[in-house]
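Participant: So that we are looking at the same thing, I have put the structure below in structure tokens.
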Amino acid sequence: MIKSTLMVFNVLKLVSALILTNLLVCSSALAQGDLMILPKRLVFDGTQRAQEISLANTGSDSATYAISMVQYKMTENGSFEEITEAEEGLNFASDYLRYYPRRVVLGPNEAQTVRVQVTKTGSLLEGEYRSHIYFRAVEEQTALGSDAEDDNTESISINIKAVFGISIPVIIRQGVSTTKIAISNVNLNLEEETNPVLEMIVNRNGNMSVYGNLSVKHISSEGKKTDVGTVKGIAIYTPNKLRKFRLPINPIEGVNFNSGRLEITFKSETDKNIYAESLHDLN
């Protein structure tokens, strides 16, 4: 006969239940659960030695967050894999960053800032360094036996609680960027069950990553331009040479996707820099 107590699993690869929200968020703030973070990424390019991250608890209960540095590698489809060792062309920024506090307790509707500083940059070689600062919700622990037990002493009661986390990239750039972007392998798939899907490869060559917005316009045979798709917050991080991308296209009355051309533009968030442009014939 087994008498159980309440078991809380923060282990056994609760990483698989961990919700990591990264980067591809359209607003200037990032949110997961009741935690909102602003901005959604930090870039140190030599003009600043310190920056601040604003945290806000939008929930009705107090929450505790542990703050740490983690390392991620981006895959060709834009997802992330946690790694522990740097690779060729992928340099970690964590050795050159100082951040505090390391733990934050936020009451309902309360906000606080986390300060991030760059240090020891004199030893940096030219290029880009990236790590991710990770905010993990700390679940309040319940003492063994403190919860009411089931009357059925032959049963086992297990309470699994998901641990929510959110991370943002912190990037240090040293020197001048040599990065160039090109768009290739463009294909409009009209056989999807719902909307048409535009498939493409965004190629990156150089020493630094890029981050921006992708927009697509349809140009009719008469020259009329119509916005048919936009996605914000696309990143291609070092050392990746390419990113495979699929963009759902909005079906718009009067737009014939069997004729004309598609104009694809990848540019910075501020629209000041156009990274790449491509014209794709639909005829």
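The values are calculated or read from the model by the stated rules, or taken from the named source; none is laboratory data. All values reported here derive from a predicted model rather than from experimental measurement. We place every Cβ from the backbone using ideal geometry, glycine too, and count neighbours over all the protein chains shown. With ligands, DNA and RNA removed, areas are computed over all heavy atoms of the protein, side chains included. Shrake-Rupley method; radii C 1.70, N 1.55, O 1.52, S 1.80 Å.
Participant: Considering only segment 161-184, I want to know if a residue exists there that is over 24 Å from the mean Cα position of the chain (by Cα), surrounded by fewer than 18 Cβ atoms within 10 Å (Cβ to Cβ) and at pLDDT below 90.
Facilitator: At the first step, the residues of segment 161-184 found to be over 24 Å from the mean Cα position of the chain (by Cα) are 175-176.
Imposing the further condition that a residue be surrounded by fewer than 18 Cβ atoms within 10 Å (Cβ to Cβ) reduces the set to 175-176.
Those left that are additionally at pLDDT below 90: none.
Within segment 161-184 (the criterion being over 24 Å from the mean Cα position of the chain (by Cα), surrounded by fewer than 18 Cβ atoms within 10 Å (Cβ to Cβ) and at pLDDT below 90), the answer is no, since none of the residues qualifies.
Participant: If you don't mind, another one. Filter segment 267-283 down to the residues that are in a strand (DSSP E or B) and not aliphatic (A, V, I, L, M), then identify the one that is farthest from residue 132 (Cα to Cα). Please lay out each step first, then the result.
Facilitator: Filtering segment 267-283 down to residues in a strand (DSSP E or B) leaves 267-268, 274-281.
Pick out the ones that are also not aliphatic (A, V, I, L, M) and you get 267-268, 275, 277-278, 280-281.
Details: 267: 24, 268: 21, 275: 24, 277: 30, 278: 32, 280: 36, 281: 40 Å.
Of everything passing the filter in segment 267-283, 281 is farthest from residue 132 (Cα to Cα).
Participant: Which of the numbered conditions does residue 88 fail, given that it passes all the others? Conditions: (1) under 30 Å from residue 243 (Cα atoms); (2) in contact with a strand residue (DSSP E or B) (Cβ under 6 Å, 6 or more places away or on another chain).
Facilitator: (2)
Participant: Take residue 93 and decide whether it is open to solvent by less than 30 Å² (accessible area, probe 1.4 Å) and within 21 Å of residue 118 (Cα to Cα).
Facilitator: Working: open to solvent by less than 30 Å² (accessible area, probe 1.4 Å): yes; within 21 Å of residue 118 (Cα to Cα): yes.
In short, yes.
Participant: Looking at 101, 108, which one is modelled with pLDDT of 95 or more and under 24 Å from residue 53 (Cβ atoms)?
Facilitator: Of 101, 108, the one residue that is modelled with pLDDT of 95 or more and under 24 Å from residue 53 (Cβ atoms) is 101.
Participant: Another question about this same structure. Checking residue 34 against (1) crowded, with 16+ Cβ neighbours inside 10 Å; (2) among the acidic types (Asp, Glu); (3) modelled with pLDDT of 95 or more, only one condition comes out false. Which one?
Facilitator: (3)
Participant: For residues in segment 267-283 being modelled with pLDDT under 90 and charged (D, E, K, R), which is surrounded by the fewest Cβ atoms within 10 Å (Cβ to Cβ)? First the steps, then the outcome.
Facilitator: Filtering segment 267-283 for residues modelled with pLDDT under 90 gives 269-272, 283.
Subsequent filtering for residues that are charged (D, E, K, R) retains 269, 271-272.
On the way: 269: 12, 271: 11, 272: 7.
Here the answer is 272.
Participant: Being touching a helix residue (DSSP H, G or I) at 6+ places or on another chain (Cβ under 9 Å) and aromatic (Phe, Trp, Tyr) is the filter here; which residues of segment 36-94 pass it? Steps first, answer last, please.
Facilitator: Pass one, segment 36-94, residues touching a helix residue (DSSP H, G or I) at 6+ places or on another chain (Cβ under 9 Å): 44, 46, 49, 69-71, 82.
Matches in segment 36-94: 44 only.
Participant: Quick one: residue 105 ticks every box in (1) within 26 Å of residue 235 (Cα to Cα); (2) in a strand (DSSP E or B) bar one, so which box is it?
Facilitator: (1)
Participant: Which one of these does residue 122 not meet: (1) at pLDDT below 95; (2) of a type outside the set (A, V, I, L, M); (3) touching a strand residue (DSSP E or B) at 6+ places or on another chain (Cβ under 9 Å)?
Facilitator: The single condition residue 122 does not satisfy is (3).
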